[in-house]
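Just so you know, all these numbers are worked out from the coordinates, no wet-lab data involved. Only a predicted model underlies this, so the values are computations on that prediction, with no experimental measurement involved. Cβ atoms come from the backbone with ideal geometry, glycine included; neighbour counts cover every protein chain shown.
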Amino acid sequence: MARAENRRGPRSEASEFLDKLVAINRVSKTVKGGKRFGFSALVVVGDQKGRVGFGKGKAKEVPEAIRKATEKAKRSLFRVPLREGRTLHHDVEGAHGAGKVILRPAPQGTGIIAGGPMRAVFEMLGVQDVVAKSIGSQNACNMIRATLDALSQVSSPRWVAQRRGKKVAEIFRRPSAEAAQS
């Protein structure tokens with residue numbers, strides 16, 4: 001056994017991504033000879049620097065289901081702009097099915113105030129301070145999808161300014177101050 005490992009050599013690909021197993025579900029199918037079990041796994045993957053993705057995998061064995069879910073999660077990664085690398089830029093709402101989530105930025109030192117599956121997403125994303133509330137469905141998959149829907153709507157002031165053809169300072173200028181000057 002050891003010889004086979006040596007022939008392959010050391011693991012050259014050190015993954016930059018961390019993964020977190022959120023849920024495992026066991027389903028059974030009754031057949032003539034008894035019951036056949038299958039497993040589904042829900043995994044969140046991220047680099048803790050603003051990229052996150054999730055995947056679901058199904059197989060007859062738990063490790064295979066987790067492997068499939070991790071591969072799908074790595075293929076579904078997307079970038080989220082973070083303020084100071086620790087929190088969101090603005091309040092945002094997301095929904096999927098019957099699940100709805102509300103995400104709010106928080107001052108430094110607040111920590112991650114969020115429920116189970118949402119907490120896993122924020123940890124893998126690298127968010128350190130956020131307040132989140134889930135409303136409706138408590139299904140882990142729906143909560144993760146709703147959270148990712150909300151995160152996909154987050155935009156940085158730099159990106160908004162670029163899209164509008166303005167400078168970042170013009171985006172933050174108060175409308176009442178402009179009206180008073182005219």
Coarse-grained scattering of the chain at q = 0.20 Å⁻¹, given as base-10 log I(q)/I(0) from a Debye sum over alpha-carbon atoms: -1.29
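By per-residue mean of other Cβ atoms within 10 Å, what is the highest-first order of 119-130, 45-56? All intermediate terms of the calculation are to be shown ahead of the outcome.
Numbers: 119-130: 23.0, 45-56: 20.5.
Output ranking for 119-130, 45-56: 119-130, 45-56.
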Charge-dipole axis of the chain as Lys and Arg at +1 and Asp and Glu at -1 on Cβ define it, positive-most pick from Phe122, Leu103, Ser76: Ser76
Would you calculate a helix-derived [θ] at 222 nm for the chain, using -39,500 (n - 2.57) for each DSSP H run of n ≥ 4 and dividing by the full residue count, to the nearest 500? -10000 deg cm²/dmol
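From the cross-link list Lys72/Lys133; Lys100/Lys133; Lys29/Lys58; Lys35/Lys58, which pairs have alpha carbons spaced over 19 Å apart?
Working: Lys72/Lys133 26 Å; Lys100/Lys133 8 Å; Lys29/Lys58 14 Å; Lys35/Lys58 17 Å.
Lys72/Lys133, as the Cα separations exceed 19 Å there.
Roughly what % of DSSP beta bridges within segment 23-182 run antiparallel, to the nearest 5?
Working: 32 of 34 bridges.
Counting only bridges with both partners in segment 23-182, antiparallel ones make up about 95 percent.
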Taking 41 Å as R0, compute the FRET efficiency from the Cβ-Cβ separation of Arg104 and Phe37 and round it to 0.05. 0.50
